[in-house]
Amino acid sequence: MIGAVSAALAVIAGAFGAHALRARLDTALLAVFETGARYHMYHALALVAAGLVAERRPDGAAGAAGGLFLAGTVLFSGSLYALALSGVRAFGAVTPIGGLCFIGGWIALAVALARRER
């Protein structure tokens with residue numbers, strides 16, 4: 001459910017960037033916003049996948065993946081949205097932390113998928 005809501009928010013963000021921000025932001029900041037929206041959608045879908053895996057293998061790794069994907073979305077995409085909308089470059093310092101969360105989420109999901117059902 002959280003993944004589906006996150007995907008809806010990613011579509012809203014993408015549409016907002018494409019329509020409302022195109023005339024308001026310079027091309028560099030618009031590209032930053034679009035990167036945030038793109039990674040937001042990727043990881044909304046990853047959240048859905050982690051939820052489906054967690055139903056079949058409730059050992060914790062898939063749940064950890066979901067939590068990391070959610071944290072990564074808030075930190076990575078959220079910081080890019082904030083940077084693009086405000087122009088405050090300090091928000092960019094948070095982005096790599098979100099990226100590390102994404103990487104950890106993918107590793108946790110791989111661990112969950114690698115474990116054999118008992």
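Every number in this text was worked out from the coordinates using simple rules, so none of it is lab data. This structure is a prediction, so every number in the text was calculated from the model and none was measured. Neighbour counts are summed over all protein chains in view; Cβ atoms, including those assigned to glycine, are modelled from backbone coordinates with ideal geometry.
Under a point spin-label approximation (7 Å from Cα along Cα-to-Cβ), what is the Ala18-Val5 distance to one decimal in nm? Spacing of the two 7 Å Cα→Cβ label points: 2.5 nm. With a Förster radius of 22 Å applied to the C-beta separation of Ala110 and Leu45, the computed FRET efficiency comes to 0.90. Other residues with beta-carbon under 11 Å from the beta-carbon of Leu80 carry, at +1 per Lys or Arg and -1 per Asp or Glu, a net charge of 0.
When each of the peptides 83-91, 5-13, 98-106, 70-78 is scored by the mean number of other C-beta atoms lying within 10 Å of its residues, the order from highest to lowest reads 70-78, 98-106, 5-13, 83-91.
Can you tell me the dipole magnitude for the chain around its Cα centre, using point charges on the Cβ only (Lys, Arg +1; Asp, Glu -1), in Debye to the nearest 20?
Dipole of the chain, to the nearest 20 debye: 140 debye.
Placing pseudo-labels 7 Å out from each Cα toward the beta carbon at Ala90 and Ala31 gives an inter-label distance of 2.6 nm. The calculated 222 nm mean residue ellipticity attributable to helices in the chain amounts to -24000 deg cm²/dmol, summing -39500 (n - 2.57) over DSSP H runs of n ≥ 4 and dividing by all residues.
When the Kirkwood radius is taken over all Cα pairs of segment 2-114, what Stokes-Einstein diffusion coefficient follows at 25 °C and 0.890 mPa s, in µm²/s? Stokes-Einstein gives a translational diffusion coefficient of 173 µm²/s.
Just to confirm the number: angle between the C-alpha axis of helix 61-72 and the first principal axis of the chain, 0 to 90 degrees, nearest 10? It is inclined by approximately 10 degrees.
Sequence gap at least 6, Cα distance under 8 Å: using those rules, report the relative contact order of the chain to the nearest whole percent.
Values: 153 pairs, mean separation 32.2, N = 118.
Over the chain, the number comes to 27 percent.
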